[in-house]
């Protein structure tokens, strides 16, 4: 009789309903899990992964200079510069531009360059006035971005050609300094190179200020 009762319950509508509900629950959980996983994978695409790698390189790069492992410093800086080149290239070629990448890419550039200028200035390889110029320009741009967001309600400021040129000029200066430290076969860093870096840094900062004022006036 007990076996017959069990057979009745198993084949009854209540059991079938429970089984269907359980199957639906597992299917929903499975779908949501992989949907969320797909979203994470979508954000962590190749360009964003390269940008995050550039950020992770920064503390290792600074540490290598502090412990006078200048060969590692040079290699790490070159790798970081290449990630900056290829993340934008991959994003354009594969149409994988994301909001995260748009935010992280310039932030990674700022962190890398400012950290480099500060640590190289501490050890006397870059003049203090140049580092102050670089940092002041970045602070002014960040403050201007905040003011623009508060007044105009927009946070989108497209990078200019002059701004990108500034990043590459600063990067070439740092690479030159690191090569000179490691191999010592290059001539002493010409003062004109410091002046050129400072000049393009100041001009690009003024351009961003002008563009910010123009956007504020337009809104």
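Residues checked against (1) within 27 Å of residue 75 (Cβ to Cβ); (2) modelled with pLDDT under 90; (3) out of contact with any helix residue (DSSP H, G or I) (no Cβ under 9 Å at 6 or more places or on another chain):
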residue	(1), (2), (3)
149	no, yes, yes
157	no, yes, no
173	yes, no, no
181	yes, yes, no
207	no, yes, no
219	no, yes, no
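Among the residues of region 157-216, those identified as over 23 Å from residue 118 (Cα atoms) and either in contact with a strand residue (DSSP E or B) (Cβ under 8 Å, 6 or more places away or on another chain) or loosely packed, with under 13 Cβ neighbours inside 10 Å (or both) are 158, 161, 185, 210, 214. For region 60-85, filtered to residues that are within 20 Å of residue 103 (Cα to Cα) and surrounded by fewer than 16 Cβ atoms within 10 Å (Cβ to Cβ), the residue that is modelled with the lowest pLDDT is 85.
Identify, please: which residue in region 107-128 is on the phi < 0 side of the Ramachandran plot and not in a helix (DSSP H, G or I) and is, among those, surrounded by the fewest Cβ atoms within 10 Å (Cβ to Cβ)? Here the residue is 123. For region 101-136, the set of residues classified as farther than 16 Å from residue 64 by Cβ, free of Cβ contacts under 8 Å to residues at least 60 places away in the same chain and more than 23 Å from the chain's Cα centre (by Cα) consists of 121, 124, 128, listed by residue number. Just wondering, is there one or more residues in region 73-80 that are in contact with a helix residue (DSSP H, G or I) (Cβ under 8 Å, 6 or more places away or on another chain), under 23 Å from residue 163 (Cβ atoms) and free of Cβ contacts under 8 Å to residues at least 60 places away in the same chain? The answer is yes, given that some residue of region 73-80 is in contact with a helix residue (DSSP H, G or I) (Cβ under 8 Å, 6 or more places away or on another chain), under 23 Å from residue 163 (Cβ atoms) and free of Cβ contacts under 8 Å to residues at least 60 places away in the same chain. Could you please let me know if residue 159 is more than 23 Å from residue 80 (Cα to Cα) and not in a helix (DSSP H, G or I)? So residue 159 does not fit the description; no.
The values are calculated or read from the model by the stated rules, or taken from the named source; none is laboratory data. None of the values given here were measured: they were computed from a predicted structure. Glycine also receives a Cβ, built like all others from the backbone with ideal geometry; neighbour counts cover every protein chain displayed.
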